[in-house]
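K.L.:
Got a structure for you, written out below as structure tokens; questions coming shortly.
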Amino acid sequence: MMGLCGLSNFPKELSDEKLLREMSKGFRHSGKLCTALIERAACAASEQRLALLPEGLVVAITGQPWWSDSELERIAREQGEGDALGEAYRRHGTGLLQYLHGAFAMAVLEGRSGRVFAAVDRVGQEPLYYAAAGGGFVLGSSADCVRAHPGIDCSLSSQAIYNYVYAHMVPSPGTIYSSLHKLPGGHYVEYDGNQIHMGSYWEPPFDETNSANLDVLGEQMRTLILESVERLSKGRIAGAFLSGGLDSSTLAGMLARLQPGNANTYSIGFTATGYDEMGYARTVSRHFGTKQHEYYVTPEDVCAIVPEIARVYDEPFGNSSAVGVYYCAKLAANDGVERLLAGDGGDEIFAGNARYAKQQVFEYYGVMPLLLRRGLLEPLLFRLPETVGVVRKAQSYVRQAMTPLPDRLEAYNFLQREGAQEMFQADFLAALAPEEPLLLQRERYTRPQNASALNRMMYLDWQQTLADNDLRKVGRMCALAGVDVVYPLLDDPLLEFSCRVPSALKLKGRRLRHFYKEAMRDFLPQETIMKHKHGFGLPFGVWMAEHAPLRELAYESLLCLKKRPYFRPGFLERAIDLHRTGHAAYYGELVWILMMLELWLQAHGH
């Protein structure tokens, strides 16, 4: 990952160039690292991404930004992104964000006042962390950047550890460190030399009134995707991840259209029943005539890379498919590819996640008159014996339907089902708020104005599943592999277009991605249109049961975790027993999450 770091309002001994360079080790920068030190502020970023203004300002930007203002876009092209950001701030002040698009994290630091203004793109493709201490303010593209400053308290947050177990990562705006915060997508942070304010500058313009027919909308979408792929692949040796699903296949096809006969695609497979989908990737490669490159991940590969994954993430991260992403990205990097196109985001903007259809079924129950539900159906149903199969299923359906969204999305969350008291030590639980992860989800779910239940679920996923999980997974693993990554399906025009596609077209009945599939029917292979979603899922639980070194790594990590003041020892022992004797794949994910927490703590000196 490329990035930036900066600080404001510290004395000179806590804001010199040596410290800036130490902080910049928390991100990878291309070419020369540029630094700027002015009165009460300092900043570092890659060459042409930083600018020092005569007014006593320093500005920095990272990512793949573009400007809807033609003059600012010209300055960016001819003089560099830093100069374009500086000119935008001169003209528009903090209103510059309405002209700034693409993937970005940016910061403006004012020398005389010590004021700081920083923001990230609408979905949070680029991360930005910040903290205040001792009257000063620090920001950076990673938590490691910020915590490298000696004025920052780096105590671990018990709440964040709980939130990690709940969500398998630490949801923003929190971080694993008590004093650090990270910006959610579409948000900015301001520091006035004394106080910090975080706010939202963009909300999705969901609109259910679009009357354009499916053919017209489909043509618009295909054009937007092609334009996004062209812009993000231009000037770089580009390739594409290819899992054989809708989104990676679309990007592979668009790249092949732009580079006939020369488009390179990269796929990984697993020699485990039910996990290998290389056949779908090969079908797509043949269909578009791409140069297909493949690698099969082994249990030995997992053992080799897991400690390194724990090390490179600046917070605990529990998504096991990071392994597949790394080996696929490494395959591309070894082939000379500079930039990979990733299909992340398609399911979240065009309704492709299975839970969307499942929740739609429960929403039907709420359409029934309240008097009929509460006065007749529910009293009658819950008087019947649970021993009858059809009655038990009906009762389960009604119980879930009675639970409002977004709470219902967590019905199968292991922590929710097991109970926090069974998993965590009492003293640990007493110091935190177990309801915090769900309260955060409720706030995000209810934030969009005049949105359908489907669009609210998707927005929640933009903020959490994408920004805090999938994008961090792909971005950090590509950085580790030594290749840049972009997400064409999350480009602003396509994002806003998706908001104008009516919910009933995105999800028709229980058919996921209805509009998208119809729009791509003449572009993608039929097998791709019909296949079920899979991705780069790792057969960790299955392999752990069969591969002794992997099993030893996992179990030993959980035994080490017993020595820490977080979990009940009996719970960790039971997690191991559940994997040994129960559903290996299901409980393997639980073991993975706990293992990665312990390995992260070890790798980061805790």
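K.L.:
So which strands (runs of 3 or more DSSP E) are wholly in the stretch 71-134 and hold at least 2 residues that are touching a Ser or Thr at 6+ places or on another chain (Cβ under 6 Å)?
P.N.:
100-110, 116-120
K.L.:
Which condition breaks for GLU598 when tested against (1) touching a helix residue (DSSP H, G or I) at 6+ places or on another chain (Cβ under 6 Å); (2) under 30 Å from PHE288 (Cβ atoms)?
P.N.:
With (1) touching a helix residue (DSSP H, G or I) at 6+ places or on another chain (Cβ under 6 Å); (2) under 30 Å from PHE288 (Cβ atoms) applied to GLU598, the lone miss is (2).
K.L.:
If you check ASP314, ASP276, which single one turns out to be modelled with pLDDT under 95, among the charged types (D, E, K, R) and either in a loop (DSSP other than H, G, I, E, B) or surrounded by 23 or more Cβ atoms within 10 Å (Cβ to Cβ) (or both)?
P.N.:
Unique residue meeting the criteria: ASP276.
K.L.:
State which residue pairs qualify: first residue farther than 22 Å from TRP67 by Cβ and inside the stretch 210-228, second residue surrounded by fewer than 17 Cβ atoms within 10 Å (Cβ to Cβ) in any location, beta carbons under 6 Å apart, and separation of 6 or more residues or different chains.
P.N.:
Listed pairs, sorted by first residue: ASN210/ARG500.
K.L.:
Of all the residues that make up the stretch 200-232, how many are under 25 Å from LEU258 (Cβ atoms) and among the hydroxyl-bearing types (Ser, Thr, Tyr)?
P.N.:
2
K.L.:
So in the stretch 71-83, with the set limited to residues that are closer than 18 Å to GLY235 by Cβ and among the acidic types (Asp, Glu), which one is farthest from the chain's Cα centre (by Cα)?
P.N.:
Filtering the stretch 71-83 for residues that are closer than 18 Å to GLY235 by Cβ and among the acidic types (Asp, Glu), the one farthest from the chain's Cα centre (by Cα) comes out as GLU78.
K.L.:
Quickly run through the stretch 344-372 and pick out the residues that are surrounded by fewer than 16 Cβ atoms within 10 Å (Cβ to Cβ) and in a helix (DSSP H, G or I).
P.N.:
Within the stretch 344-372, ALA354, ARG355, LYS358, VAL361, GLU363, TYR364, TYR365, GLY366, VAL367, LEU370, LEU371, LEU372 qualify.
K.L.:
Output the number of the condition that ASP153 fails; it satisfies all remaining conditions of (1) more than 27 Å from LEU341 (Cα to Cα); (2) at pLDDT 95 or above; (3) not aliphatic (A, V, I, L, M).
P.N.:
With (1) more than 27 Å from LEU341 (Cα to Cα); (2) at pLDDT 95 or above; (3) not aliphatic (A, V, I, L, M) applied to ASP153, the lone miss is (2).
K.L.:
For the condition within 27 Å of LEU438 (Cβ to Cβ) and touching a residue at least 40 places away in the same chain (Cβ under 8 Å), what is the one hit in VAL361, VAL398?
P.N.:
Among VAL361, VAL398, only VAL361 is within 27 Å of LEU438 (Cβ to Cβ) and touching a residue at least 40 places away in the same chain (Cβ under 8 Å).
K.L.:
Looking at ARG574, ARG511, which is the one that is in contact (Cβ under 8 Å) with a residue 12 or more places away in the chain and of a type in the set (Lys, Arg)?
P.N.:
None of the others qualify; the one that does is ARG511.
K.L.:
In the stretch 450-484, what count of residues is obtained for those that are of a type in the set (S, T, N, Q) and outside any helix (DSSP H, G or I)?
P.N.:
The number of residues fulfilling the criteria is 2.
K.L.:
Of the residues VAL189, VAL229, which is buried (at least 22 other Cβ atoms within 10 Å of the Cβ) and assigned by TED's automatic domain parsing to the domain that holds ALA143?
P.N.:
That would be VAL189, the only listed residue that is buried (at least 22 other Cβ atoms within 10 Å of the Cβ) and assigned by TED's automatic domain parsing to the domain that holds ALA143.
Table: residues versus (1) at pLDDT below 95; (2) buried (at least 23 other Cβ atoms within 10 Å of the Cβ); (3) over 27 Å from the mean Cα position of the chain (by Cα); (4) of a type outside the set (Gly, Ala, Ser).
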{"site": "THR62", "(1), (2), (3), (4)": "no, yes, no, yes"}
{"site": "TRP66", "(1), (2), (3), (4)": "no, no, no, yes"}
{"site": "ASP69", "(1), (2), (3), (4)": "no, no, yes, yes"}
{"site": "LEU85", "(1), (2), (3), (4)": "no, yes, no, yes"}
{"site": "ARG90", "(1), (2), (3), (4)": "no, no, yes, yes"}
{"site": "THR94", "(1), (2), (3), (4)": "no, no, no, yes"}
{"site": "HIS101", "(1), (2), (3), (4)": "no, no, no, yes"}
{"site": "ALA105", "(1), (2), (3), (4)": "no, yes, no, no"}
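K.L.:
Same structure again: Can you say whether THR403 is more than 26 Å from SER498 (Cα to Cα) and loosely packed, with under 12 Cβ neighbours inside 10 Å, as far as the supplied structure shows?
P.N.:
no
K.L.:
Right, here's the next one. May I ask you to list the residues in the stretch 24-60 that are of a type in the set (Lys, Arg) and surrounded by fewer than 24 Cβ atoms within 10 Å (Cβ to Cβ)?
P.N.:
The answer is LYS25, ARG28, LYS32, ARG40.
For every residue, the table says whether it meets (1) within 36 Å of the chain's Cα centre (by Cα); (2) farther than 27 Å from THR465 by Cβ; (3) without any contact (Cβ under 8 Å) to a residue 12 or more places away in the chain; (4) not assigned by TED's automatic domain parsing to the domain that holds ASN163.
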residue: MET368; (1), (2), (3), (4): no, yes, yes, yes
residue: PHE382; (1), (2), (3), (4): no, yes, no, yes
residue: THR387; (1), (2), (3), (4): no, yes, yes, yes
residue: PRO406; (1), (2), (3), (4): yes, no, no, yes
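K.L.:
Restricting the first residue to the stretch 123-149 and requiring it to be more than 27 Å from LEU489 (Cβ to Cβ) and in contact (Cβ under 8 Å) with a residue 60 or more places away in the chain, which pairs with a second residue that is among the polar types (S, T, N, Q) and part of a helix (DSSP H, G or I) meet a Cβ separation below 8 Å and a spacing of at least six or different chains?
P.N.:
Final answer for the pair search is CYS145/SER24.
K.L.:
If you scan the stretch 548-571, which residues turn out to be farther than 14 Å from LEU590 by Cα and in contact (Cβ under 8 Å) with a residue 60 or more places away in the chain?
P.N.:
Within the stretch 548-571, PRO549, LEU550, LEU553, PRO565, TYR566, ARG568 meet the criteria.
K.L.:
Only residues that are modelled with pLDDT of 90 or more, touching an Asp or Glu at 6+ places or on another chain (Cβ under 8 Å) and closer than 21 Å to TYR191 by Cβ: list them for the stretch 9-48, please.
P.N.:
Once the filter is applied, which keeps residues that are modelled with pLDDT of 90 or more, touching an Asp or Glu at 6+ places or on another chain (Cβ under 8 Å) and closer than 21 Å to TYR191 by Cβ, the stretch 9-48 yields THR35, LEU37, ALA41, ALA42.
Table: residues versus (1) farther than 26 Å from LYS25 by Cα; (2) of a type outside the set (S, T, N, Q); (3) surrounded by 18 or more Cβ atoms within 10 Å (Cβ to Cβ); (4) not assigned by TED's automatic domain parsing to the domain that holds VAL591.
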| site | (1), (2), (3), (4) |
| --- | --- |
| ILE305 | no, yes, yes, yes |
| GLU308 | no, yes, no, yes |
| ASN319 | no, no, yes, yes |
| VAL323 | no, yes, yes, yes |
| TYR327 | no, yes, yes, yes |
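K.L.:
Considering every residue within the stretch 227-238, establish whether at least one is touching a helix residue (DSSP H, G or I) at 6+ places or on another chain (Cβ under 6 Å), at pLDDT 95 or above, more than 30 Å from SER267 (Cα to Cα) and of a type in the set (A, V, I, L, M, F, W, C).
P.N.:
no
K.L.:
Right, next: Has the stretch 285-300 got any residue that is free of Cβ contacts under 8 Å to residues at least 40 places away in the same chain, surrounded by 18 or more Cβ atoms within 10 Å (Cβ to Cβ) and assigned to a helix (DSSP H, G or I)?
P.N.:
Among the residues of the stretch 285-300, at least one is free of Cβ contacts under 8 Å to residues at least 40 places away in the same chain, surrounded by 18 or more Cβ atoms within 10 Å (Cβ to Cβ) and assigned to a helix (DSSP H, G or I), which makes the answer yes.
K.L.:
Shifting gears a bit: Of ALA281, ALA263, which residue is buried (at least 18 other Cβ atoms within 10 Å of the Cβ), small (Gly, Ala, Ser) and more than 25 Å from the chain's Cα centre (by Cα)?
P.N.:
Going through ALA281, ALA263 in turn, just one is buried (at least 18 other Cβ atoms within 10 Å of the Cβ), small (Gly, Ala, Ser) and more than 25 Å from the chain's Cα centre (by Cα): ALA263.
K.L.:
Let me confirm something: among VAL189, VAL138, VAL146, which residue is more than 21 Å from the chain's Cα centre (by Cα), over 22 Å from LEU415 (Cβ atoms) and at pLDDT 95 or above?
P.N.:
Just one listed residue meets the conditions, VAL138.
The values are calculated or read from the model by the stated rules, or taken from the named source; none is laboratory data. Just so it is clear, the structure is predicted and the values come from calculations on it, not from any experiment. Ideal geometry is used to build each Cβ from the backbone, glycine not excepted, and the neighbour counts take in all protein chains shown.
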